[in-house]
Amino acid sequence: SSEVIEPPFDDIDIDSESRFYEITLRQPVFQTPTEEVAIGIIGSRQESETSILDTPFPLSAGADDEGRTRINAIRLFQEWTKRSEQQVLAARSQFSIGISSGDTTINSGRGEPDSNFFAWRGQGQWVRLLAPNTILLIRGDVQLADRSLVPLEQIGIGGLESVRGYRQDLILSDNGAFISAELRLPIIQNDSGTLVQLTPFLDFGTGWNKEDENDIDDNTIASIGLGLRWQQGDLLEANIGWGLQLVPVDTRDRTLQEDGFYFSVIFRPF
């Protein structure tokens, strides 16, 4: 669940709750010590409810009069990975087909998004070892949809995992593309597993909606920045950095995230 705490909307107590369920079947169809091709199928269910002052209210496109959105989908994916001592190449393709059944959201005749949709998403990553613990990382992500989508199915651009220097999911759209280039340069390393890397990066993302009337004003963002990455073996990873907005975006409040700062900690006990 989440709550809007940003003024002036914090005064009207906007709440949102969401749930996500899925079952996945994945099968490798080609496998060698250095390469793998796999296919799979996912059955997913997404639910969300929104309210104002504890009263159910539709705040997102496609929601019913009680602020509810229900999406069932079948997702068919294909994965390819190829690795060597110097690099790793990975690509993933996924076709999502929305299913109208049971209590899913259906807006026939209303011109709003619902559980009937078709979308494709492609993701790729190239990791190249330039020198010991010196890595070039290039990532890309694209989504294309045949119609308007509910927010649960839209692609989010902006934030730590896409265009750093902007708030999380600044752009939420039916279609979108993102690409990032990052260099990881070691500055501290020792035999105990400690590795500290300097991480200059360049990020770019753009999004657009299927219907012209839903066009986004600031639909393209880009940033350049510098981060610090600390890794303690396979147990702990921390990232902190700052991104400079190459495409300035007006915001109501200047939080640390909107000023370009980001921070994350990943703990892997097992």
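Of note:
- Per-region count, the range 134-186, residues part of a strand (DSSP E or B) and of a type in the set (Ser, Thr, Tyr): 3
- Residue 44 polar (S, T, N, Q), more than 30 Å from residue 126 (Cβ to Cβ) and either modelled with pLDDT under 85 or out of contact with any His (no Cβ under 6 Å at 6 or more places or on another chain) (or both): no
- Residue satisfying condition, being modelled with pLDDT of 90 or more, in a strand (DSSP E or B), at negative phi and out of contact with any Lys or Arg (no Cβ under 8 Å at 6 or more places or on another chain), within set 200, 248: 200
- Contact map, the range 28-41: first residue under 18 Å from residue 76 (Cβ atoms), second residue hydroxyl-bearing (Ser, Thr, Tyr) and in a strand (DSSP E or B), Cβ cut-off under 9 Å, separation 6 or more or different chains; pairs are 36/81; 37/81; 38/81; 40/24; 41/24.
- Taking the criterion of being in contact with a Ser or Thr (Cβ under 9 Å, 6 or more places away or on another chain), crowded, with 16+ Cβ neighbours inside 10 Å and aromatic (Phe, Trp, Tyr), the residues of the range 202-242 that qualify are 204, 208.
- Taken over the range 69-128, the criterion of being in a strand (DSSP E or B) and of a type in the set (S, T, N, Q) is satisfied by 69, 72, 78, 81, 87, 93, 94, 96, 123, 125.
- The residue pairs whose first member lies in the range 229-240 and is in a loop (DSSP other than H, G, I, E, B), whose second member is among the charged types (D, E, K, R), and whose beta carbons are closer than 7 Å, counting only pairs six or more residues apart or on different chains, are 234/268; 235/268.
- Residue check, residue 115 of a type in the set (Ser, Thr, Tyr), surrounded by 17 or more Cβ atoms within 10 Å (Cβ to Cβ), over 16 Å from the mean Cα position of the chain (by Cα) and in the same structural domain as residue 22 (by TED's automatic domain parsing): yes
- Listed by first and then second residue, the pairs linking a residue in the range 130-156 that is under 26 Å from residue 59 (Cβ atoms) to a residue that is part of a loop (DSSP other than H, G, I, E, B) and of a type in the set (Gly, Ala, Ser), with Cβ atoms under 6 Å apart and 6 or more places separating them unless they lie on different chains, are 150/62; 151/60.
- Test: residue in the range 226-237 that is farther than 28 Å from residue 267 by Cα, of a type in the set (Asp, Glu) and in contact with a Lys or Arg (Cβ under 8 Å, 6 or more places away or on another chain): no
Okay, residues lined up against (1) at pLDDT 95 or above; (2) within 19 Å of the chain's Cα centre (by Cα); (3) basic (Lys, Arg); (4) crowded, with 17+ Cβ neighbours inside 10 Å:
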site	(1), (2), (3), (4)
17	no, yes, no, no
24	yes, no, no, no
30	yes, no, no, no
49	no, no, no, yes
52	no, no, no, no
55	no, no, no, no
71	no, yes, no, yes
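- For the range 247-270, the set of residues classified as in contact (Cβ under 8 Å) with a residue 60 or more places away in the chain and either surrounded by 15 or more Cβ atoms within 10 Å (Cβ to Cβ) or within 18 Å of residue 181 (Cα to Cα) (or both) consists of 249, 257, 258, 260, 262, listed by residue number.
The values are calculated or read from the model by the stated rules, or taken from the named source; none is laboratory data. Just so it is clear, the structure is predicted and the values come from calculations on it, not from any experiment. We place every Cβ from the backbone using ideal geometry, glycine too, and count neighbours over all the protein chains shown.
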